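One structure is given below, encoded as structure tokens.
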Amino acid sequence: MIYPKSIATLIEHFQKFPSVGPKSAQRMAFYLLRMPMNEVEKFAQSMIDAKANTKTCEVCFNLSASSPCEICSSHQRDRSIICIVAETKDLIAIEKTNEFKGLYHVLQGLISPMDGIGADDIRIKELLTRLTNEEVKEVILALSPSVEGEATSLYLSKLIKPFGIKISRIAFGLPVGADLEYADEITIAKAIEGRREL
Ligand SMILES: [Zn+2]
């Protein structure tokens, strides 16, 4: 089917989103075409605003409106414990449980040789700098129980061991192969509670 160029371009853009195939992209494009013009304008502006007003925290690499982020600058948080996550969305999932009062470190990915992502491509160097300069007593690895999550956890635990810091990993309650962001709050809270030392 041949669409006018502007519609074809719109469909192409939607198709770049994660887990959106050609059919869904088409549906989204047609939905947008039926929306009132002012709604479309608001939608477009919200995308620009989100992109323009989001910073990466220089300490933990969380996405935030400010740098350092709210968590890193808070005096209510326990600075002796750092929870390591792959992405900001995992941090949000853990924050929603209200169970964790420490700080975070967002790796911005996982080691994945299949995708050409090595240890130097994610924020591991920066984590080691924090462990050297800050008074950290415990590190919690909150990485998904996927092949990449396992590989990254193993790699990190070897690097962190020499610091003499307690290392634990969340495990219980999380189904194997499941993404942290899709787990419900109780499951994640249980997983943190049941973390085991590495
Ligand atoms: Zn931060």
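The values are calculated or read from the model by the stated rules, or taken from the named source; none is laboratory data. What you see is a predicted model, and the numbers here were worked out from it, not measured in a lab. Every residue, glycine among them, receives a Cβ derived from its backbone with ideal geometry; neighbour counts consider all protein chains shown. Please note that ligands, DNA and RNA were not included when accessible areas were found on the heavy atoms of the full protein model with its side chains. Shrake-Rupley method; radii C 1.70, N 1.55, O 1.52, S 1.80 Å.
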Inset, instruction - Kindly identify the stretch 69-182 as rounded, prolate or oblate by the Cα gyration tensor criterion: order the square roots of the eigenvalues as a ≥ b ≥ c, call it rounded if a/c is under 1.5, otherwise compare a/b with b/c, prolate if a/b is larger, else oblate. - result: oblate
Inset, instruction - Go ahead and run the numbers for FRET between Asp121 and Val40, Cβ-Cβ distance against an R0 of 35 Å, rounding to 0.05. - result: 0.45
Legend entry - Relative contact order, percent, the chain [alpha-carbon distance under 8 Å, six or more residues apart]: 15
Legend entry - Listed residues Gln45, Ala86, Ser24: farthest to the positive end of the dipole of the chain (Cβ charges): Ser24
Inset, instruction - Among the lysines, select those whose C-alpha is under 16 Å from the C-alpha of Lys101, and discard any that sit fewer than 8 residues away in the same chain. - result: Lys137, Lys190
Legend entry - Amide H partners (placed H, <5 Å) of Lys55, local residues excluded: Ser64, Ala65, Ser66
Inset, instruction - Given the options Ser64, Ser46, Ser153, state which has the largest fluctuation in a GNM of the chain using a 10 Å cut-off (strictly under) for Cα springs. - result: Ser46
Inset, instruction - In whole Hz, with x marking every Gly and Pro, tabulate ³J(HN,Hα) for the stretch 50-66 from phi via Karplus 6.51 cos²θ - 1.76 cosθ + 1.60, θ = phi - 60°. - result: 4, 5, 6, 9, 9, 10, 9, 4, 6, 8, 10, 6, 6, 7, 7, 7, 9
Inset, instruction - Set the Förster distance to 41 Å, then compute FRET efficiency between Arg77 and His13 from the Cβ-Cβ distance, nearest 0.05. - result: 0.60
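For Asp121, Asp49, give me the order by solvent-accessible area with a 1.4 Å probe, most accessible first, ignoring ligands, DNA and RNA.
From most exposed to least exposed: Asp121, Asp49.
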Legend entry - Where labels lie 7 Å past Cα in the beta-carbon direction, separation of Phe30 and Arg130 in nm: 4.6
Inset, instruction - Compute the Cα gyration tensor for the stretch 23-67, then decide on rounded, prolate or oblate, letting a ≥ b ≥ c be the square roots of its eigenvalues: rounded whenever a/c is under 1.5, prolate when a/b is larger than b/c in the other cases, and oblate in all that remain. - result: oblate
Legend entry - Å² per residue, accessible surface of the chain at 1.4 Å: 61
Inset, instruction - Express in whole angstrom the spacing between the alpha-carbon centres of the stretch 12-30 and the stretch 92-154. - result: 31
Inset, instruction - Specify whether the C-alpha gyration tensor of the chain places it in the rounded, prolate or oblate class, a ≥ b ≥ c being the square roots of the eigenvalues: rounded for a/c under 1.5, otherwise prolate if a/b is larger than b/c and oblate if not. - result: prolate
Inset, instruction - Kindly rank 102-109, 161-168, 25-32 from highest to lowest mean number of other beta carbons found within 10 Å of each residue. - result: 102-109, 25-32, 161-168
Inset, instruction - Report in % the part of the accessible area of the stretch 1-154 that belongs to carbon and sulfur, leaving out ligands and nucleic acids; probe 1.4 Å. - result: 58
Inset, instruction - With springs only between Cα atoms under 10 Å apart, run a GNM on the chain and tell me which of Lys23, Lys89, Lys137 wobbles the most. - result: Lys23
